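The values are calculated or read from the model by the stated rules, or taken from the named source; none is laboratory data. Predicted, not measured: the structure shown is a model, and the values here were computed from it. Every residue, glycine as well, gets a Cβ built from its backbone with ideal geometry; the counts of neighbours run over all protein chains shown.
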Amino acid sequence: MLERAAEAAGRVVRVHLEIDTGMARQGADSEWVAVVAERLARSKWVRCEGVMSHLVAAEVEGSAVTERQRARFSEAVQVAVDKGVRVEWLHLGATSAVDEGSTLGWMQELAAGVGARVMVRPGIALYGYCLPIDTGRAGGLCGHVQPVLTWKTRVIGLREIGAGDTVGYGATFTAKSLMKLALLPVGYADGLRRTASSGVGDGWVMIGGRRAAVVGRVSMNLVTVDVTDLEGVAVGDEVVLLGEGVTGDDHARWSGTISYEILCGIRAKFVES
């Protein structure tokens, strides 16, 4: 398909050959590497300039799975070279591999042996986050990145409730005394997880640099927060849902997941002010 499309366009297409070393998701497995590499090497229209794979457990130090993947990748690279592919780039390292560190030196040695250079593929690091290394130590990358994404909304309503009044679906929250609540136009349809609800993850937002706890359940497109002790909150005030004072790691902790899922799950509405 690539050859036909490239020929029809009258231009050479550059590709990177992915090797399935253990993810069982994409790429040529060991039985097909030689066949695909040979076809690429003799193609007039498709030029293979790189070989890549993806690690299953990059954040696990000393992983036997990673060792097995490295061995399979090294073998596949050599097969590709033997079949005539001129490899310019090798890449195996997503954010966790760069952070954990041990794969990079190994990759540089492998690349030097076939006259190639090493690339990395940061994903979550582009947001300024890393996944924890399994031993709990600080990784080599994580201390050098900072979160760059801020997710905001505004207060659209304010109201007071009295002792005994309930809030939200299921009446899961009952006020013990007079409270002031702020209404925000965001919910799980936008990526604010239902697990941020009070009594579940006990999430919070930031208003004027101060915490405002979620009250009741996060609903599809609305959430209420407690501003009883925050003087001066008004309709239209800016609210930080994720940013300084409330991180992707905080959201992940409420939801029992990883920060990457939170960051990728935001479906923000962009409105010109």
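Within the span defined as the stretch 158-165, one or more residues are within 14 Å of ASP226 (Cβ to Cβ), surrounded by fewer than 19 Cβ atoms within 10 Å (Cβ to Cβ) and in contact (Cβ under 8 Å) with a residue 60 or more places away in the chain. Just one residue in the set ALA71, ALA97, ALA112 is of a type in the set (A, V, I, L, M) and under 30 Å from LYS44 (Cα atoms); that residue is ALA112. Of the residues making up the stretch 52-72, at least one is out of contact with any Pro (no Cβ under 6 Å at 6 or more places or on another chain), part of a strand (DSSP E or B) and at pLDDT 95 or above. All conditions in (1) without any contact (Cβ under 8 Å) to a residue 12 or more places away in the chain; (2) part of a loop (DSSP other than H, G, I, E, B); (3) in contact with a strand residue (DSSP E or B) (Cβ under 9 Å, 6 or more places away or on another chain); (4) not small (Gly, Ala, Ser) hold for GLU31, with the sole exception of (3). Applying the set (1) touching a Gly at 6+ places or on another chain (Cβ under 8 Å); (2) in a loop (DSSP other than H, G, I, E, B) to ALA163 leaves exactly one unmet item: (1).
Among the conditions (1) touching a residue at least 24 places away in the same chain (Cβ under 8 Å); (2) over 18 Å from the mean Cα position of the chain (by Cα), SER177 misses just one, which is (1). Condition first: over 16 Å from ILE161 (Cβ atoms), part of a strand (DSSP E or B), among the acidic types (Asp, Glu) and modelled with pLDDT of 95 or more. Can you find one or more residues in the stretch 231-241 that meet it? Within the stretch 231-241 (the criterion being over 16 Å from ILE161 (Cβ atoms), part of a strand (DSSP E or B), among the acidic types (Asp, Glu) and modelled with pLDDT of 95 or more), the answer is yes, since at least one residue qualifies.
Here GLU67 clears all of (1) surrounded by 15 or more Cβ atoms within 10 Å (Cβ to Cβ); (2) under 18 Å from ILE133 (Cβ atoms) except the condition numbered (1).
Conditions tested, residue by residue: (1) more than 28 Å from the chain's Cα centre (by Cα); (2) in the same structural domain as TRP32 (by TED's automatic domain parsing); (3) assigned to a loop (DSSP other than H, G, I, E, B).
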{"position": "VAL87", "(1), (2), (3)": "yes, yes, yes"}
{"position": "HIS91", "(1), (2), (3)": "no, yes, no"}
{"position": "ALA97", "(1), (2), (3)": "no, yes, no"}
{"position": "TRP106", "(1), (2), (3)": "no, yes, no"}
{"position": "ALA112", "(1), (2), (3)": "yes, yes, no"}
{"position": "GLY115", "(1), (2), (3)": "yes, yes, yes"}
{"position": "PRO132", "(1), (2), (3)": "no, yes, yes"}
{"position": "ARG137", "(1), (2), (3)": "no, yes, yes"}
{"position": "ARG159", "(1), (2), (3)": "yes, no, no"}
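Taken over the stretch 166-207, the criterion of being closer than 27 Å to SER259 by Cβ, among the hydrophobic types (A, V, I, L, M, F, W, C) and outside any strand (DSSP E or B) is satisfied by VAL186, ALA189, LEU192, ALA196, VAL200. Condition check: more than 22 Å from ILE124 (Cα to Cα), touching a strand residue (DSSP E or B) at 6+ places or on another chain (Cβ under 6 Å) and not hydrophobic (A, V, I, L, M, F, W, C). Does ARG47 satisfy that? Taking the combined requirement at face value, the residue satisfies it.
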